[in-house]
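Asker: Could you have a look at this structure, given as structure tokens, before my questions?
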DNA sequence: ATGCCCCATTAAATGGGA
């Protein structure tokens, strides 16, 4: 089973790029973030025509928005409000996979603004609250024994080699100690395992995002790993391979994020 | 070295991204 997650930065603007990604990867399950589209304008038919008969999404005007498309049946689609807002950042559905069903969580954690100070920057406060809530919600509403996969744009690069320069980035939102501490609590809450770092050692740089502002993103390579795929322990033995589609960042009118792929063995 | 950008909304600015 092949799973792909991608912060597409507007699904309507980049539907053609999405078709290319789907043709190249032939995923079974596709998770998107920052679709930036109210549900009534979502380009459902184009994606369904590629064989994704099952879908579950939640979008709004202009911002945010998350979507799951699947060749495998989906059940029990849910939209999760976070920190009292209705801002389309967390959905879930059960995926009927050969080798055992699992619950898939597609999450878009707030970016958090510029100043890494929750007192002066309420966007940063919102981000911290959002991660705190996830850390409490998962053990309360779910169990570490469940088969679950959590994917998405988590907007936090936790490891030193998840950013281009740890020392220069330590005070920059996405790599500050307080974010990384809360991120770790969220991960530990139901014992999520980092399915991408399973394949790439911690001492090797790995990025999934490069700023639009960098003149030459490829040469400068000042990236961050903001997009994640986690699995609960039950699925650890099914991990097969991964891929980060770096070259997609070099396509015409790209997203600033690239697709991240995980392959699971059919038999658990 | 968060910066020179990009997107959506709405009408040439603004807010958000990270």
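Asker: Which of the following residues is closer than 22 Å to residue A:224 by Cβ and in contact (Cβ under 8 Å) with a residue 12 or more places away in the chain: A:51, A:59, A:65?
Answerer: Only one candidate passes the filter, namely A:65.
Asker: What residue, of A:178, A:172, A:196, A:200, is in a loop (DSSP other than H, G, I, E, B) and either out of contact with any strand residue (DSSP E or B) (no Cβ under 9 Å at 6 or more places or on another chain) or within 12 Å of DNA strand B (Cβ to nearest atom) (or both)?
Answerer: It is A:172.
Asker: Can you say whether residue A:268 is near DNA strand B (Cβ under 10 Å from one of its atoms) and either modelled with pLDDT under 95 or over 20 Å from the mean Cα position of the chain (by Cα) (or both), as far as the supplied structure shows?
Answerer: no
Asker: Give me a count of the residues in the stretch A:220-247 that are more than 10 Å from DNA strand B (Cβ to nearest atom), outside any loop (DSSP other than H, G, I, E, B) and either within 16 Å of the chain's Cα centre (by Cα) or free of Cβ contacts under 8 Å to residues at least 40 places away in the same chain (or both).
Answerer: Qualifying residue count, the stretch A:220-247: 11.
Asker: Right, another one. Out of the residues in the stretch A:1-27 that are more than 10 Å from DNA strand B (Cβ to nearest atom) and part of a loop (DSSP other than H, G, I, E, B), which is surrounded by the most Cβ atoms within 10 Å (Cβ to Cβ)?
Answerer: A:27
Asker: Residue A:105 - would you say it is modelled with pLDDT of 95 or more, closer than 19 Å to residue A:32 by Cβ and surrounded by 14 or more Cβ atoms within 10 Å (Cβ to Cβ)?
Answerer: Here the answer is yes, as residue A:105 does meet what is asked.
Asker: Hey, residue A:251 hits all of (1) surrounded by 12 or more Cβ atoms within 10 Å (Cβ to Cβ); (2) in contact with a helix residue (DSSP H, G or I) (Cβ under 7 Å, 6 or more places away or on another chain); (3) closer than 20 Å to residue A:157 by Cα but one; which does it fall short on?
Answerer: Every condition holds for residue A:251 apart from (3).
The values are calculated or read from the model by the stated rules, or taken from the named source; none is laboratory data. Here the structure is a predicted model, which means the values were calculated and not measured. Every residue, glycine among them, receives a Cβ derived from its backbone with ideal geometry; neighbour counts consider all protein chains shown.
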